[in-house]
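The values are calculated or read from the model by the stated rules, or taken from the named source; none is laboratory data. Predicted model only: the values in this text are computed from it and were never measured. Using ideal geometry, Cβ is built from the backbone for each residue, glycine included, and neighbour counts are taken over all protein chains shown.
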Amino acid sequence: MKVNTFKCYLKTLTPIHIGCGEVYEPTGFIVDEKTKELIIFDPFDFISSLSPQDREKFQRICAKGTISSILEIYKFLRNKRAEGRRISICDGVLERYKNTLSLHIKDEKRIAQELNRFSIERTAFLSMYERPYIPGSSIKGSLRTAYLNKVAKEKRVELEGKEKKNSKELEKKLLDYDTFNEDPFRMVKVSDFRPVGGIKRKILFAVNRKKKEQKAGRGPYQILEVIEPNSVFVGEITIEQPQNGSNIKHPITLEALKKSAKDFYTSEKNREEKELKEIGLNHTFSLDNEGVLIRIGRHSGAESITIEGYRKIMIREGQNKKSTLDHSTTIWLASEESKPKTNANLIPFGWAELLPLTDELSKEFEQLEKDWLESKSTKISSKEEKEKPKKNKEPKKSPLEKILDELKHIKEDDMGQIGTFVQKIETLKTDEEKAKLAEAIKNKMSKKRYKKYKKKEYLEELIKKRGEV
């Protein structure tokens, strides 16, 4: 089988957030108000560092499981010291945090409102060192959208009845296939793009603005962890040529894929910049001649994820009133404030560029990654050295015992935290250990929640292996 591979790196051009269904939990971070950073700590290490009185108090608060107890946790953690990953937060997020802390502990309604607004959504991350990465599926989705727009310009297809509401039917007609095996994109393989060195992240707001006026749109703000511009990730895109008899009628070539992305997203960039200028935002970025412009992640804009000529974008016009247009009327932008007074400092989400990975650059990136890993290892060794006296006094716990101790301190159905523990399963060595943790995680969920849990089959398979030993 003939294979064509594009070894490349992705460079972020504007803030990028790729959702993973997880949030930073109140029991897992403190805010350093002086440095304006979120410090995400290991719960077990933090609890171990507390005095017996503070440890008992913290566990008592965590066990309450009420709305007010979450505010109590924030107040308990304020001014406490902890070691962990540091992520920059914008001034507006710090202000929201302080406002939340100022609430009265008995005002549950207000507490619930503020906590909902203060939910910090994580960007996709690798379990090892919890570093951001770019899923291959995000890049492939972006390339597919661009290619579909290319085909849509070359031929017009007619949709009938229910087909008009089904985007998959449109894609089938444009690419001329009926089943998954006949889809030409089945031959396009995109690896996950892994981080190079230290990746800068920031926690900021996503705000909704009207395209024709300098006013806020309908959506409430969101607080997102984003990958900052000029971050680098490496990966590859491979296109296999289908074998005879595969029923793939119009195979995709690497050059056609790259050109369609460059054409479509350059056009989208020009359109968006023109619209942003109308609301007082003169944001732009330069492109490399060899680069392939793409758009990924949340808030990429309705036009950038749909097919021109077939767009039906839902517009909310008021209470229970909706209509459809071929363009959006609002745009989500990255902001340092929850209610910006001007649009001048706002930034669009999701822009990135794919560039060829030369041998010289590959060596440079390998060295950057090596340096980062060595610095991380040095920090871990230093931390372990400091903890030696404490560890000598206490019986040494296995990795599984440590994780199970941490698990005890989270509430039932706390799905954000549970997702973190599911990722820790693969850090264990034996099937027996993995099964024990899988069972403990299962027991942290109500039957109703577990029944619908997307990783239920994975956990059950691990538990089953234990029974077979």
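Things to note:
- The listed residue being of a type outside the set (Ser, Thr, Tyr) and more than 22 Å from residue 398 (Cβ to Cβ), out of 439, 457, 432: 457
- Checked against the criterion of being on the phi > 0 side of the Ramachandran plot and not hydrophobic (A, V, I, L, M, F, W, C), the candidates 198, 219, 280 yield just one match: 280.
- Subset tally (residues that are over 15 Å from residue 404 (Cβ atoms) and either among the hydroxyl-bearing types (Ser, Thr, Tyr) or touching a residue at least 12 places away in the same chain (Cβ under 8 Å) (or both)) for the stretch 439-458: 7
- Residue match in the stretch 254-266 (condition: in contact (Cβ under 8 Å) with a residue 60 or more places away in the chain and closer than 19 Å to residue 17 by Cβ): yes
- Residues of the stretch 380-421 that turn out to be modelled with pLDDT of 65 or more, over 17 Å from residue 59 (Cβ atoms) and loosely packed, with under 12 Cβ neighbours inside 10 Å, as a count: 3
- Long-range neighbours under 6 Å by Cβ, at least six apart or interchain, first residue on the phi > 0 side of the Ramachandran plot within the stretch 299-313, second of a type outside the set (Asp, Glu) and assigned to a helix (DSSP H, G or I): 309/152
- The stretch 302-343, residues that are of a type in the set (Gly, Ala, Ser) and at pLDDT below 90: 302, 309, 318, 323, 328
- Test: residue in the stretch 128-143 that is within 30 Å of residue 71 (Cβ to Cβ), under 18 Å from the mean Cα position of the chain (by Cα) and in a loop (DSSP other than H, G, I, E, B): yes
- Residue check, residue 277 under 24 Å from residue 16 (Cβ atoms) and under 27 Å from the mean Cα position of the chain (by Cα): no
- Filtered by the rule that a residue be of a type in the set (A, V, I, L, M) and either closer than 30 Å to residue 341 by Cβ or at pLDDT 90 or above (or both), the stretch 158-211 gives 174, 175, 187, 188, 190, 196, 199, 203, 204, 206, 207.
- Pairs with Cβ under 6 Å, 6+ apart, first in the stretch 397-411 and within 15 Å of residue 429 (Cα to Cα), second charged (D, E, K, R): 400/433; 403/424
- Sole exception among (1) within 21 Å of the chain's Cα centre (by Cα); (2) surrounded by 15 or more Cβ atoms within 10 Å (Cβ to Cβ) for residue 220, by number: (2)
- Verdict on residue 436 being surrounded by 18 or more Cβ atoms within 10 Å (Cβ to Cβ) and without any contact (Cβ under 8 Å) to a residue 60 or more places away in the chain: yes
- Some residue of the stretch 23-33 being crowded, with 17+ Cβ neighbours inside 10 Å and either of a type in the set (Ser, Thr, Tyr) or over 21 Å from residue 103 (Cβ atoms) (or both): yes
- Looking only at the stretch 422-433, and only at residues there that are surrounded by 15 or more Cβ atoms within 10 Å (Cβ to Cβ) and more than 23 Å from the chain's Cα centre (by Cα), the one that is modelled with the lowest pLDDT: 428
- Selection status of residue 154, exposed (fewer than 15 other Cβ atoms within 10 Å of the Cβ) and modelled with pLDDT of 90 or more: yes
- Those residues of the stretch 233-268 which are of a type in the set (A, V, I, L, M), in a loop (DSSP other than H, G, I, E, B) and modelled with pLDDT of 90 or more, in sequence order: 252
- Here residue 353 meets the list (1) in contact with a helix residue (DSSP H, G or I) (Cβ under 8 Å, 6 or more places away or on another chain); (2) closer than 24 Å to residue 236 by Cβ almost entirely, failing just condition (1).
- Residue that is surrounded by the most Cβ atoms within 10 Å (Cβ to Cβ), among those in the stretch 319-348 that are of a type in the set (D, E, K, R) and closer than 27 Å to residue 99 by Cβ: 337
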